[in-house]
Amino acid sequence: MPVISWLHELCSPTCCLGAPSSPPHPPADSDAKKDDAMAAAADNEVAVITHRTVDANGLRMHVAEAGPPGAPPVLLLHGFPQVWYAWRHQMRALADAGYRAVAPDLRGYGDSDAPAAELQYTAMHVVGDLVALLDAVVGAGKPVFVVAHDWGALTAWNLCLFRPDRVRALVSLSVAFTPRSPARRPVDGLRALYGDDYYICRIQEPGAIEAEFARLGTELVLRKFLAYRTPGPLMMPKSGWGSPDDEVPLPSWITEEDIKYYASKFNKTSFTGGLNYYRALNKTWELTAPWTGAEIKVPVKFIVGDLDLTYHTPGIQDFIHKGGFKKYVPLLDDVVVMKGVGHFINEEKPKEVSEHVISFIRKLSAEM
């Protein structure tokens, strides 16, 4: 589900979820066209979006794009349980504003390759994918604006840490930067804080959550995640995360067609790729030791909903609003808290988020 930006005392940022195993390559052209038609039917905004496959870092990555090829590029990074389609509204808005939106399916998701090994989902791997993708799509060494949500935001923070030369500015949704703590591995800290039923702890065992998701069915799992609005820790008891007969009404901002599109992707690739990001958390913590105490040195705007579970992690609001966030992100330009909004903020409030993103990019472009 949504990534939780847990206690900043415990660990560095990183999280997400997944079920069986994914094909080594994106689908044949006929399947891709069928999927694209389904997406267009689900939301006519996607009609202007084109799709291609790019070789990057040893993977074949699916990329959706909108806007003029020569326009300033904006990289959009999705979270869990989503794919490029999470950005369909922002892609159209960015294209209409004269920008080139680039939204990949991250490694393990959608029509991008999904390496089988759990430890091939560390921050090093995923940031490596993005650098190679940018080289292929935008040009070697060229920086881009980045907009990211959930696991995409965690990945974007690491991109800023490892390769600030490739980021002109970042708009992070839902997940704030939290510095790496050398004291304890993140999963160990979360287990001590929330117990074994906390969702990140539950998915550490390979196959366990995949079996639970298979029991519930892909569409119901997606409905449970996307409709979740409880501002507190997400628990998945070992006794079961509900019944296959559960009825979960959809919020007004997502349609049955949207759910079916997402389900078509996770039925094809499974949830396992997304789950493996969580399973690589402790390994990422080990590998990022050289960045302990490092600051984010790019301009940043942060946007979160006040009902987002990440905004109710113990200690996070004080960290964001009382100087901790600004200490580690000295070029933090603005923090926006949207009232009555949950975790999937870019889908729940597409117009408002698009306006925030475009105004921030225009402001920085004028200053550069």
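The values are calculated or read from the model by the stated rules, or taken from the named source; none is laboratory data. The structure presented is a predicted model; accordingly, all values stated were derived computationally and were not measured. Using ideal geometry, Cβ is built from the backbone for each residue, glycine included, and neighbour counts are taken over all protein chains shown. Heads up: the accessible areas ignore ligands, DNA and RNA and are worked out on the full protein's heavy atoms, side chains in. Shrake-Rupley method; radii C 1.70, N 1.55, O 1.52, S 1.80 Å.
Calculated on the Cα set of the range 102-206, radius of gyration then Dmax: 15.3, 46 Å. For the chain, the share of accessible area belonging to carbon and sulfur comes to 53 percent (1.4 Å probe, ligands and nucleic acids excluded). Shape call for the range 202-245 from the C-alpha gyration tensor, a ≥ b ≥ c root eigenvalues: rounded (a/c under 1.5), prolate (a/b greater than b/c) or oblate? Here the range 202-245 falls in the oblate category.
Shape index of the range 64-134: Rg/Rh, with Rg the Cα radius of gyration and Rh the Kirkwood radius from the inverse mean 1/r over Cα pairs, equals 1.01. As a calculated quantity, the FRET efficiency between R229 and N267 at R0 = 41 Å, using C-beta atoms, amounts to about 0.95. In the full protein context, the chain carries 35 Å² of accessible surface per residue, based on a 1.4 Å probe and ignoring ligands, DNA and RNA. Mean sequence separation of contacting Cα pairs (under 8 Å, at least six apart), scaled by the length of the chain, corresponds to a relative contact order of 26 percent. Using the Cβ of L173 as centre and a radius below 12 Å, the other residues enclosed give a net charge of -3, where K and R count +1 and D and E count -1. Here the peptides 342-349, 55-62 are ranked by packing, the mean other Cβ count within 10 Å, and the order with the highest first is 342-349, 55-62. Remark: the Cα gyration tensor places the chain in the rounded category, a/c being less than 1.5. Membrane-span-like helices in the chain (whole DSSP H runs, Cα extent of at least 15 Å along the helix axis, mean Kyte-Doolittle hydropathy of at least 1.0): 123-137, 151-162.
Ordered by 1.4 Å accessible area with all protein chains kept, S359, S270 run largest first as S359, S270. Summing +1 for each Lys or Arg and -1 for each Asp or Glu among the other residues whose beta-carbon sits under 10 angstrom from that of I259 gives -2.
Overall form of the range 142-297: oblate. Here a/c, set by the Cα gyration tensor axes a ≥ b ≥ c, is 1.5 or more, and a/b is not larger than b/c. Where only DSSP H runs of four or more residues are counted, the chain gives -11000 deg cm²/dmol as its mean residue ellipticity at 222 nm, each run worth -39500 (n - 2.57). Please compare each pair in K301/K339; K142/K283; K268/K351; K301/K322; K297/K363; K339/K363 to a cut-off of 20 Å on the Cα-Cα distance and tell me which ones are over it. Exceeds cut-off: K142/K283; K268/K351; K339/K363.
So what's the net charge close to H149: Lys and Arg +1, Asp and Glu -1, counting the other residues with Cβ under 15 Å from its Cβ? Local net charge: -3. Calculated FRET efficiency, L119 to A366, Cβ-Cβ distance, R0 = 30 Å: about 0.10 to the nearest 0.05. Of all beta bridges that DSSP places with both ends in the chain, some 35 percent have antiparallel geometry.
Residues K326, K265, K339 ordered from highest to lowest accessible area at a 1.4 Å probe: K339, K326, K265.
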